[in-house]
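Student: Below is one structure. I have some questions about it.
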Amino acid sequence: MELGDYLRILRKRGWIIILTTLLTAAAAWGFSQMQTVEYKSTISVFVRPERIDNGTLLATKQILRGFVRYIDSLNFSQRVINQLGLDMKPDTLKGKVTIASKDEDYIIQIDVVDSDPAQSERVALEWANQFVQWRDQDNLKQRKEDRVDANIMQNPTTGKFKPQTTLNVVAGAIIGLLLGVIIVFFLESIESNI
């Protein structure tokens, strides 16, 4: 096929490509409008050993993962529920929370997703506070040079998490464009074989 053939096909059946692109983009927009709006609050806790040397810093990176496992628990979830007076089960709250360590920066990041932005902020902040309190209590049992401090770096930042309407519409349009091209070439191949 030459360029002229492609142009002829586009003039003849280009409306199919445009229609499928518009329909799938509209469907993606409609899907986005039906989703419940959720917000994500993120808070970071800096974890620092009292004694700064290479051995301690390497050990701190390893214990960060242990801290994450410890605070990503139903026990911590219940502590937050009790402190904030929330009316939900620990596993429900824990399902809204993601905790991860950024070992190279000595940070534990706590993300909370909820349909209420204020509640997601309160939960993120309280979870971080519970972690800091736990570290403070545990440090009382340690020698000063063996302590590992935890400090909240700043208040939680909150933003819209989903739906991501623009991304959904663009993805829908691209899928529609590809689908339209496939349909057009399928119709052309059927017509040329007749």
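Student: Whenever you get a sec, compute what percent of the accessible area on the chain sits on carbon and sulfur atoms (1.4 Å probe).
Tutor: Carbon and sulfur together cover 58 percent of it.
Student: Can I ask one more? Which of rounded, prolate or oblate describes segment 1-112 when judged by the alpha-carbon gyration tensor and an a/c cut-off of 1.5?
Tutor: Oblate, since a/c reaches 1.5 and b/c is not below a/b.
Student: For n ≥ 4 DSSP H runs only, could you compute -39500 (n - 2.57) per run for the chain, divide by its residues and tell me the 222 nm figure to the nearest 500?
Tutor: After summing the helix terms and dividing by residue count, I get -21000 deg cm²/dmol.
Student: Roll a 1.4 Å probe over the protein chains and send me the accessible area per residue for the chain in Å².
Tutor: Here the per-residue accessible area is 60 Å².
Student: In addition: Of the candidates Glu104, Glu121, Glu38, which one comes out as most mobile in a Gaussian network treatment of the chain with C-alpha springs shorter than 10 Å?
Tutor: The residue that fluctuates most here is Glu104.
Student: With +1 assigned to the C-beta of every Lys and Arg and -1 to the C-beta of every Asp and Glu, and no other charges, what is the dipole magnitude of segment 77-136 about the Cα centre in debye, to the nearest 20?
Tutor: 220 debye
Student: Looking at the chain, how many pairs of lysines come closer than 27 Å at the Cα, when each pair is eight or more places apart or spans two chains?
Tutor: 23
Student: Right, here's the next one. Within the chain, what is the longest stretch that has no trypsin sites (Lys or Arg not before Pro) placed in a DSSP loop and near at most 10 other beta-carbon atoms within 10 Å?
Tutor: That gives 1-140 as the longest site-free run.
Student: What net charge do the residues around Arg135 carry, taking every other residue with its C-beta under 9 Å from that of Arg135, with Lys and Arg at +1 and Asp and Glu at -1?
Tutor: Here the count lands on -2.
Student: How long are the three semi-axes of the equivalent ellipsoid for the chain, computed from the Cα gyration tensor as the root of 5 times each eigenvalue, in whole Å, largest first?
Tutor: Semi-axes (√(5λ), whole Å): 54, 21, 12.
Student: Roughly how many Å is it from the Cα centre of segment 68-100 to that of segment 166-194, as a whole number?
Tutor: 47 Å
Student: With the contact rule set at Cα under 8 Å and sequence spacing of 6 or more, what percent relative contact order holds for segment 1-104?
Tutor: Result for segment 1-104 is 21 percent.
Student: Whole Å is fine, so just give me how far the alpha carbon centre of segment 7-30 lies from that of segment 114-137.
Tutor: 48 Å
The values are calculated or read from the model by the stated rules, or taken from the named source; none is laboratory data. Because the structure is a prediction, the values reported are computed rather than measured. Heads up, the Cβs are rebuilt from the backbone with ideal geometry, glycines too, and the neighbour counts pull from every protein chain shown. Accessible surface is based on the protein model in full, side chains and every heavy atom, while ligands, DNA and RNA are left aside. Shrake-Rupley method; radii C 1.70, N 1.55, O 1.52, S 1.80 Å.
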